[in-house]
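This report concerns only the one structure given below.
We did not get these values from a lab; they are worked out from the coordinates using the rules stated. Fair warning: this is a prediction, and the values are worked out from it, not measured in the lab.
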Amino acid sequence: QVQLVESGGGLVQAGGSLRLSCAASGSIFSINAMGWYRQAPGKQRELVATITSGGTTTYLDSVKGRFTISRDNGKNTLYLQMNSLKSEDTAVYYCKYRNLGIWGQGTLVTVSS
């Protein structure tokens, strides 16, 4: 069974850092592009960052230079390093296979100003 489980969210002050993790079960992680998405209260879910199976990355303009997406195929794990956090980064963060309809349950990030 293919599952994704996020962790690492929490409460942090503006300017702080968090690292999110997404553990993938099954054997398809290494060959699939992955993405981090977020949904803030009252807003639509948006794509934050993507990474291909080969490691090519893309970012939402508002997080460029602050967030870094990475993956460890040996550990079947996706990461999102978030630095210089702002109050507008507050959201539930989800990981997802880019080309499959499989989502994690989400992890809440709250940035206090």
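A few notes on this one:
- Shape class for region 1-98: prolate, because the ratio a/c of the largest to smallest gyration tensor axis (alpha-carbon atoms, square roots of eigenvalues) is 1.5 or more and a/b beats b/c.
- Based on C-alpha pairs under 8 angstrom that are at least 6 apart in sequence, region 23-83 has a relative contact order of 30 percent.
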